[in-house]
Structures are given as C-alpha cells and as structure tokens.
Amino acid sequence: MHLTSLALAGLPALAAAAATPNCFPYGNAKLPGDLTAPNVKLEDWWCPQSMAYGFQGFSYPLEDDNCNSYTNSFNRMNQDFAKMKKDFGASIVRMYYPTCTQPGVFENAIRAAAKNNMALILQVWTNFGDGDVWKQSQQAIYDTLAKREFAAIAPYVVHSADWGSEPVGDGMDSGNFVNDLGAFRKRMNQHHVKAGISEDWDRPGSLRNGDGLTDLGRGIKSNSDYAHIHAMPFYHGNNPESEAWAYIQQATQWVLDHVKLPTMITESPWAWGKTGHNPGKTDVGVAQYTRYWKTFDDNCEWFKQKNVGWFLHAWQGEDKFDIVKPDGPGYVIPGWRPRKC
C-alpha cells in the first residue's frame with residue numbers, strides 16, 4: 001500500500017507535533033483556563049529541566065503598595081500577560097517587587113497566569129531590608145496557597161517562589177537568613193512549589209569568596225532548589241554594552257561551576273536612556289538596549305548548551321529598563337520576538 005502525496009505532505013506537521021512534548025510551560029500541555037487543576041498527574045505536568053533554556057519571559061514590576069490599585073488587579077495582569085505571550089512567546093512571568101503585602105496580588109497573578117496558560121514565579125517583597133515587611137509578604141503567599149480556591153491549581157501554575165529579589169544585598173533578615181530561607185522552602189515544597197532566592201550570586205564577600213562560596217553562600221545553596229541569578233554588567237564593573245556579553249557568560253558559568261543548581265538569569269537589565277538606576281552610566285540608548293537583548297537572543301544555542309534560561313528585565317515600571325514604551329503603544333524593540341532553538 002502506497003501513501004498518497006496528500007498523506008506524505010502531512011507527515012512533517014505530524015512529526016513536528018509529535019516532537020513537542022505534552023508538558024508545561026514549554027510543550028503542548030494546556031491549563032483549563034480557570035482555577036481548575038488539569039487532569040494530569042503533577043509529576044507528568046512540568047516540562048523537564050532540559051527544556052528550561054533561552055528566553056522565558058519578563059520581570060513584571062508590581063510596585064504599588066495600594067492593593068486596590070489597577071496595577072495590582074486581575075484585569076491589568078491578564079491584559080499584560082496576554083501581550084507577553086502573543087507578542088514575545090513568553091512562557092513564565094516573574095513577579096517583581098510586589099509591594100502589596102496582601103494575598104490579593106498573588107491571587108490575581110495566579111488567575112492571570114492560569115487564564116493565559118503561563119507559569120508564574122512568586123516573590124517575597126524585601127522592602128530593601130527595612131523592618132519585617134518581608135514577613136507580611138511571605139504570609140500573603142502562604143495564605144494564598146492555603147486557600148481552597150488556589151490550593152489545587154497552584155502546583156500546576158507556580159513555577160517557583162523566590163524568597164526576595166536581592167535579599168542578601170538588601171540585608172533582609174540578616175540575623176537568621178539561612179534558617180528562615182529553609183523554612184520558606186519547606187513550606188513551598190509542601191505545596192509542590194520549588195523555592196530559592198533571586199540574587200547577585202557573584203556578590204563578592206557575601207556569597208562568593210575568591211573561587212568558592214562563603215559560609216552564607218553554602219547555606220543558601222543547601223536551602224535552595226535552584227539558582228536565580230543577577231548577572232548585571234549594567235552595574236558590575238560599569239561595563240560598556242560591547243563588553244556585557246562576556247561578563248554575562250563568565251558570571252553564569254561561575255554559578256554553573258560552583259552552585260551547581262538549575263539556573264536562570266532572572267535579572268540583567270540595560271537601559272535605553274539615562275536613568276536614576278545608575279545615573280553615572282553613559283553607554284545607554286535605544287541602540288545599545290537593542291544590541292544587548294538581541295545578543296541574548298543570538299546566543300540561544302549557548303543557553304541551550306548550558307541549560308540556562310533568561311528573563312528580560314523588565315516589562316513596565318522600571319523606567320528605562322522597560323520594553324514597553326512609556327509614551328504610547330508599542331515596544332522599545334519593535335517587531336522582535338526571541339527565537340526558539
């Protein structure tokens with residue numbers, strides 16, 4: 001029996017479909033869209049670590065402590081998450097600085113992620129190390145995951161939970177950091193959510209000592225499921241954009257060699273104009289910003305070889321780091337969609 005030309009023409013499409021695993025968030029697996037958990041065993045749901053490389057999505061600033069503001073609402077998040085996915089092919093949203101310390105901001109983020117078939121990284125707000133605000137933010141995450149409405153769906157949507165963004169650099173909970181990180185990780189793991197911190201792992205003297213980890217670095221490694229790293233040539237060494245990629249490679253490789261945990265670059269900004277984030281930085285502009293992020297994209301094969309993912313920092317709310325234009329619709333890098341490789 002011979003295959004017809006029509007049948008033969010369909011084989012490439014069938015092969016491509018078969019080659020894409022039925023897993024989340026990089027494969028074909030689909031969330032129901034509401035808060036109903038998929039009818040799939042959790043161990044069969046998440047894509048393997050080998051697929052977690054290259055462009056992941058965006059840091060998503062939520063820096064309004066008015067929990068009733070529009071920026072903290074489901075409608076705003078749902079709209080933005082949909083654009084990230086449609087226009088850029090984003091798979092994961094990284095919550096960033098959720099200064100509302102009530103469960104609502106995390107509930108709305110889970111709802112929006114589920115609606116858009118995207119994964120989500122939760123984050124404890126450090127308040128730059130000032131006081132115990134982190135405890136309120138942490139409790140808001142605990143309360144969200146404990147609610148019956150979210151308990152079943154959360155392990156299928158929440159990729160991971162960061163116990164702060166640069167909590168070490170901010171001096172958050174400096175007296176009992178490792179123990180409290182371990183307690184947070186234990187609590188998250190009980191909800192089948194991985195946990196760690198998002199941090200400058202190359203911060204000399206605190207986590208890194210010469211060519212090894214400090215006692216604090218070893219303690220954090222032992223109480224983390226992954227390394228979410230900040231390789232930031234925009235700040236570190238005041239590198240020009242032309243030298244940024246070499247720095248990123250070196251900083252990432254150091255983590256792979258010494259921390260040896262699943263790794264993603266969660267924060268590595270560049271600016272498309274003068275910004276208060278680093279006022280003395282002169283090598284900024286739309287051209288530099290475009291080259292910087294397209295260099296990440298051009299090195300997709302390197303990220304694949306190293307099995308490292310990266311996030312663009314940020315979506316909107318971080319001044320000249322933002323991809324979303326401040327003066328109307330559109331993006332600072334128009335017509336760009338990071339490739340898969």
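Below are the figures for this structure:
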| item | result |
| --- | --- |
| Matching helices (runs of 4 or more DSSP H) fully within the range 87-199 where at least 3 residues are free of Cβ contacts under 8 Å to residues at least 12 places away in the same chain and among the aromatic types (F, W, Y) | none |
| Selected residue (only one of G217, G205 is touching a His at 6+ places or on another chain (Cβ under 9 Å) and surrounded by fewer than 22 Cβ atoms within 10 Å (Cβ to Cβ)) | G217 |
| Residues that are modelled with pLDDT of 95 or more and aromatic (F, W, Y), drawn from the range 213-246 | Y226, F234, W245 |
| Residues of the range 160-193 classified as in contact with a Ser or Thr (Cβ under 7 Å, 6 or more places away or on another chain) and surrounded by fewer than 18 Cβ atoms within 10 Å (Cβ to Cβ), total | 1 |
| Yes/no for K281 being of a type in the set (K, R) and within 21 Å of the chain's Cα centre (by Cα) | no |
| Some residue of the range 73-82 being farther than 24 Å from A140 by Cβ and modelled with pLDDT of 95 or more | yes |
| Tabulated pairs, the range 48-61, first part of a helix (DSSP H, G or I), second among the aromatic types (F, W, Y) and open to solvent by 10 Å² or more (accessible area, probe 1.4 Å), C-beta under 8 angstrom, 6+ apart or interchain | M51/Y26 |
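The values are calculated or read from the model by the stated rules, or taken from the named source; none is laboratory data. What you see is a predicted model, and the numbers here were worked out from it, not measured in a lab. As a convention, Cβ positions derive from the backbone with ideal geometry for all residues, glycine included, and neighbour counts pool all protein chains shown. When the accessible area is computed, the model is the full protein with side chains, heavy atoms only, and any ligands, DNA or RNA have been set aside. Shrake-Rupley method; radii C 1.70, N 1.55, O 1.52, S 1.80 Å.
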